[in-house]
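Trainee: First the structure, then my questions, so here it is.
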Amino acid sequence: DRYSQWFAKWCDEEFFKPVPELDVWYSDNAFYRPRVRADWDRDGHDDSKDDPNVRTYYRQGMADFWAAINRLQPGLIVLANVDGNFDLAGRTEGFLVDPEYRGKLQGALFESAMGRNFSAERQWGWDRMMEAYRSLIDHTAAPHLVVFDTKATPDGLLLGPENERNGYGGGKPYAFFRYAFASALMENGYFAVKNGGYNKAAAVWFDEFDLAGTATTGWLGKAIDPPARKSYQDGVYLRRFEHGAALVNP
């Protein structure tokens, strides 16, 4: 075995066989290129992370890992933390468009899509962020379990940087959260929100998620409209549901 096959077998023995109730196998660091310069082909010389061959080998190794998982656990959803980039020349990289990744996963994590200083929405704007989100929907296999992950305070403000909070609804409570939640509802992904970074287990909950124990909030229900990939009017996006609608004015 190469490492891709050995690690899949090790994880299966340690975690998945003892707990057959698990539905999802999470695969981290499924990047479109390595993050560091290293001797990726083990010839004694460091290789650039931007070398096209290195990128291909890296992605193939990840895809081989997922293929081993599929053999070991047929039917289990493989959900990976993926990335991508929009450069100054307007080129799109990653977001599962590469042939080694396209259609090989049943789910994807769009980590910190909004809410952090490095988030896609802050780096490239709302339209590019949504382009990335749609790419993950389009380039996963069924059931397309894409998680639109955001970071917010318990009162629905941008988590960081704090000095940019007023850029979202004047910094009013819940304005940023509703902007993020409504953006996620424009597609068929799942929405996740957390108050903190990687070292902080801090889930937050908002009334919009469910009845929340009151008579003043309710379920949106199932979507009536298909995913909103064009603006409804004047740059505003609309998607209707059984018991309401989501509107986004980016």
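The values are calculated or read from the model by the stated rules, or taken from the named source; none is laboratory data. The shown structure was predicted, so the numbers you read here are calculated from the model rather than taken from an experiment. Here the Cβ is made from the backbone with ideal geometry for all residues, glycine too, and neighbour counts use every protein chain on show. Please note that ligands, DNA and RNA were not included when accessible areas were found on the heavy atoms of the full protein model with its side chains. Shrake-Rupley method; radii C 1.70, N 1.55, O 1.52, S 1.80 Å.
Trainee: Checking Ile224 against (1) β-branched (Val, Ile, Thr); (2) surrounded by 15 or more Cβ atoms within 10 Å (Cβ to Cβ); (3) at pLDDT 95 or above: exactly one of these is not met. Which one?
Mentor: With (1) β-branched (Val, Ile, Thr); (2) surrounded by 15 or more Cβ atoms within 10 Å (Cβ to Cβ); (3) at pLDDT 95 or above applied to Ile224, the lone miss is (2).
Trainee: Take the residues in the stretch 202-221 that are in a loop (DSSP other than H, G, I, E, B), under 22 Å from Leu145 (Cα atoms) and open to solvent by 30 Å² or more (accessible area, probe 1.4 Å); name whichever of them is modelled with the lowest pLDDT.
Mentor: The qualifying residue modelled with the lowest pLDDT is Asp210.
Trainee: How many residues does the stretch 142-168 contain that are exposed (fewer than 14 other Cβ atoms within 10 Å of the Cβ) and within 18 Å of the chain's Cα centre (by Cα)?
Mentor: 2
Trainee: Another question, if that's okay. Would you tally the residues in the stretch 1-40 being surrounded by 13 or more Cβ atoms within 10 Å (Cβ to Cβ) and either modelled with pLDDT under 95 or within 17 Å of Glu93 (Cβ to Cβ) (or both)?
Mentor: So the answer is 6.
Trainee: Between Asp47, Asp127, which is out of contact with any Phe, Trp or Tyr (no Cβ under 6 Å at 6 or more places or on another chain), of a type in the set (D, E, K, R) and surrounded by fewer than 20 Cβ atoms within 10 Å (Cβ to Cβ)?
Mentor: None of the others qualify; the one that does is Asp127.
Trainee: Then there is this: I need every pair where a residue in the stretch 124-143 that is on the phi < 0 side of the Ramachandran plot has its Cβ under 6 Å from the Cβ of a residue that is of a type in the set (D, E, K, R), sequence separation at least 6 or different chains.
Mentor: Met129/Glu121; Tyr133/Glu187; Ile137/Glu187; His139/Arg102
Trainee: If you don't mind, there's one more thing I want to ask. Take the residues of the stretch 67-82 that are open to solvent by 60 Å² or more (accessible area, probe 1.4 Å) and in a loop (DSSP other than H, G, I, E, B): which is farthest from Asp12 (Cα to Cα)?
Mentor: It comes out as Gly75.
Trainee: Might you check whether a residue that is more than 13 Å from Ser4 (Cβ to Cβ) and either open to solvent by less than 40 Å² (accessible area, probe 1.4 Å) or of a type in the set (Asp, Glu) (or both) occurs anywhere in the stretch 59-66? Talk me through it step by step, then tell me what you get.
Mentor: Going residue by residue through the stretch 59-66, those that are more than 13 Å from Ser4 (Cβ to Cβ) are none.
No: zero hits.
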